[in-house]
1. Would you confirm whether or not the stretch 156-172 contains a residue that is in a loop (DSSP other than H, G, I, E, B) and at positive phi?
2. I'm checking my understanding of the structure. Among residues of the stretch 154-169 that are acidic (Asp, Glu) and touching a residue at least 12 places away in the same chain (Cβ under 8 Å), which one is surrounded by the fewest Cβ atoms within 10 Å (Cβ to Cβ)?
3. Sort through Lys120, Lys105 and tell me the only one that's modelled with pLDDT under 90, touching a strand residue (DSSP E or B) at 6+ places or on another chain (Cβ under 8 Å) and open to solvent by 80 Å² or more (accessible area, probe 1.4 Å).
4. Given (1) open to solvent by less than 100 Å² (accessible area, probe 1.4 Å); (2) at pLDDT 95 or above, identify the lone condition not met by Lys50.
5. Go through (1) at pLDDT below 95; (2) surrounded by 10 or more Cβ atoms within 10 Å (Cβ to Cβ); (3) farther than 30 Å from Leu146 by Cβ and name the single condition Arg5 misses.
6. Within the stretch 175-196, is even one residue within 18 Å of Leu114 (Cα to Cα), open to solvent by 50 Å² or more (accessible area, probe 1.4 Å), in contact (Cβ under 8 Å) with a residue 24 or more places away in the chain and in contact with a strand residue (DSSP E or B) (Cβ under 7 Å, 6 or more places away or on another chain)?
7. Go through the stretch 135-153 and give me each residue that's crowded, with 17+ Cβ neighbours inside 10 Å and in contact (Cβ under 8 Å) with a residue 24 or more places away in the chain.
8. Looking only at the stretch 45-64, which residues are over 39 Å from the mean Cα position of the chain (by Cα) and of a type in the set (A, V, I, L, M, F, W, C)?
Amino acid sequence: MAGLRDAYKDSIKALAEKLSVKLKEEERMVEMFLEYQNQVCKQNKLIQEKKDNLLKLIAEVKDKKQELEVLTANIQDLKEEYSRKKETISTANKANEERLKRLQKSADLYKDRLGLEIRKIYGDKLQFIFTNIDPKHPENPFMFSLHLNEAGDYEVSDSAPHLECLAEFQENVRKTNNFSAFLANVRKAFTAMVYN
C-alpha cells in the first residue's frame, strides 16, 4: 500500500508539474496574445492615421486640380483676349498705314503742286513753308509757324517775311475754324507781297 501511495503521490506530483508547465505555457500564450493584440491595435491606429493623411492628400490634390483647371481656363481666356487685341491692333495698324500713305500722298501733292511743306518744329509748333510764290525765284521760302494755345485756339507765332494781316487771319480761323481758307489767305498775302 505504501508503494501504491508513493506511486500515486509521484503521479500526482508529475501531473501537477505537467499542469504547472501547461499553465505557464498558457500564461505565456495569453501574454503573447495580448501583446499581439496590442501590436495589432497600434498597427490599426497607424493605418487609420495613414488613411486619414491619404484622404487629406487626395482632397488637396483634387483642390489643386480644380485650381489648375480654373487657371488653365483663365489662361485660355487671356490667350483669346490677347489674340483679339492683337488682331484689333493689327487691323488698326493696317488702317493707320493706309491713312499715313494717303496723308503722305496728300503732303507730296501739296508740296509738288502747291509748293506747301509742313514741318513739326520745337515746342509742338508746326511750320508752314510755301514755295513757288515768286515766279523769278520759285525756290524762295515764305513761312509762318503755328501752334494751339491752352484754350485750343490757333496761334500764329511768326512769319518770314513778316505779314501784317496774320493777326486778322488768325482771328478769322478762330471764329470759322476753316483752316483751308486760312492757308489760302496766307498764300495770297505772300503772293500779293511779291507782286507789290
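1. No, the stretch 156-172 has no match at all.
2. Asp158
3. From the options Lys120, Lys105, the qualifying one is Lys120.
4. (1)
5. (2)
6. Yes, the stretch 175-196 has at least one match.
7. Residues satisfying the conditions are Phe142, Phe144, Ser145.
8. Selection gives Leu46, Ile47.
The values are calculated or read from the model by the stated rules, or taken from the named source; none is laboratory data. All values derive from a computational prediction rather than experimental measurement. A quick note on method: Cβ atoms are made from the backbone with ideal geometry, for glycine too, and the neighbour counts reach across all protein chains shown. Just the protein is used for accessible areas: all its heavy atoms, side chains included, with ligands, DNA and RNA removed. Shrake-Rupley method; radii C 1.70, N 1.55, O 1.52, S 1.80 Å.
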